[in-house]
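The values are calculated or read from the model by the stated rules, or taken from the named source; none is laboratory data. In this text the structure is predicted, and so the values were computed from the model without any measurement. Positions of Cβ are backbone-derived with ideal geometry, glycine not excepted, and every protein chain shown enters the neighbour counts.
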Amino acid sequence: MSDTSTPPPEEPVPPPTTTAVDAGQARDAIEQAAYGVFVAALLWYALHGDEEPGDGSLLRQSANRVASTMWWARPRLSAHKPPRASLQDRNEWIDAKAADIVKIAQDDAGAHYDTVFKRIRKADPHATDAAVRSAFRLDHAWSKAAARSMATRLSSETALDMKEQVEVDAGEKFHSMWISRGDPKVRKLHRDLHGRVRPLGTPFHTWPDGQTLSYPGDPAAPIESWINCRCALMLVPAKDAKLAEEVFKVPEGDFDVPVAASGVWSAETRQAEADLRSEKIRGYTSKV
């Protein structure tokens, strides 16, 4: 008779999970970092125009912080943590994202300079270039509005970027889930989309004219459907899609509970929102 006892079977370790709160916090962290990018973009454009910023520039350093934040956010945007990556893969991912962010910020800053220039010259035809540049580079309200617009798009793209990698590691298919903030600020369309799950490539909403909304912040969709959006995208196992939709379903009346819906709308903030909307519409229509 053997005196060696059979070890008890190991209990299965459940995969890491994330929550709607995790996804919202990840998106907010990206917004906070993105604010610095647009402040730096205004400063850079006021001094150097659309000249390419070097690696040591404030704009490039700020973009690197956003990209690093996006990397940090990856596990918080999926019900299965992405597999561990090498330092080289991490750095290459961050460098590529930072370059994209610099390009977006420079394009947006250039469009905003045109808006500020026209507004100031309309009010005072004799305003100097120095006065225009001073008003432009200190437009913090616009920087915050632009950061909000960029953050939602980047957090969604972060989730989508790691989908294939997560599927390989988990050995199963994943779909994307739309997560709103569940408060009175959520627009009607996004209330309807909250908790909905879609396979990659399937739009969350399609309009009669054929335009589609594929993820929060999707720039290909009509601007009124995503500007100032605070929603996030989460990856969930495809086999759990139906259950996830039931769990995350929010009754319409619950959106009207005044939680996390406070905000100060000053004249400067409203002007920034109007500027950003007109600039985005102008940029969108120039590409179609």
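For the stretch 46-98, enumerate the residues that are over 21 Å from A151 (Cα atoms) and either buried (at least 19 other Cβ atoms within 10 Å of the Cβ) or among the aliphatic types (A, V, I, L, M) (or both).
Scanning the stretch 46-98 gives A46, L47, P53, H80, A85, L87.
In the stretch 77-92, which residue that is in contact with a helix residue (DSSP H, G or I) (Cβ under 9 Å, 6 or more places away or on another chain) and without any contact (Cβ under 8 Å) to a residue 40 or more places away in the chain is farthest from S62 (Cα to Cα)?
Step one: list which residues in the stretch 77-92 are in contact with a helix residue (DSSP H, G or I) (Cβ under 9 Å, 6 or more places away or on another chain), which gives 77-83, 85, 90.
In the following step, the residues that additionally are without any contact (Cβ under 8 Å) to a residue 40 or more places away in the chain were identified as 85, 90.
Details: A85: 23, R90: 17 Å.
The selected residue is A85.
Only one of (1) within 15 Å of A41 (Cβ to Cβ); (2) surrounded by fewer than 21 Cβ atoms within 10 Å (Cβ to Cβ) fails for A151. Which number is that?
(2)
Going through the stretch 91-123 one residue at a time, which ones are charged (D, E, K, R) and either at pLDDT 95 or above or closer than 23 Å to L43 by Cβ (or both)? Reasoning before the result, please.
Of the residues in the stretch 91-123, the ones charged (D, E, K, R) are 92, 95, 97, 100, 103, 107-108, 114, 118-119, 121-122.
If the condition is that a residue be charged (D, E, K, R) and either at pLDDT 95 or above or closer than 23 Å to L43 by Cβ (or both), then E92, D95, K97, D100, K103, D107, D108, D114, K118, R119, R121 are the ones that fit.
When you go through (1) touching a residue at least 12 places away in the same chain (Cβ under 8 Å); (2) over 19 Å from A23 (Cα atoms); (3) part of a loop (DSSP other than H, G, I, E, B); (4) not small (G, A, S) one by one for P125, which number turns out not to apply?
Of (1) touching a residue at least 12 places away in the same chain (Cβ under 8 Å); (2) over 19 Å from A23 (Cα atoms); (3) part of a loop (DSSP other than H, G, I, E, B); (4) not small (G, A, S), only one is false for P125: (1).
Tell me which helices (runs of 4 or more DSSP H) are completely within the stretch 161-263 and hold 3 or more residues being touching a Phe, Trp or Tyr at 6+ places or on another chain (Cβ under 7 Å) and under 24 Å from Q25 (Cα atoms), or say none if there are none. Spell out the reasoning first.
Working: elements: 163-170, 188-193, 241-248.
The helices (runs of 4 or more DSSP H) meeting that bar are 163-170.
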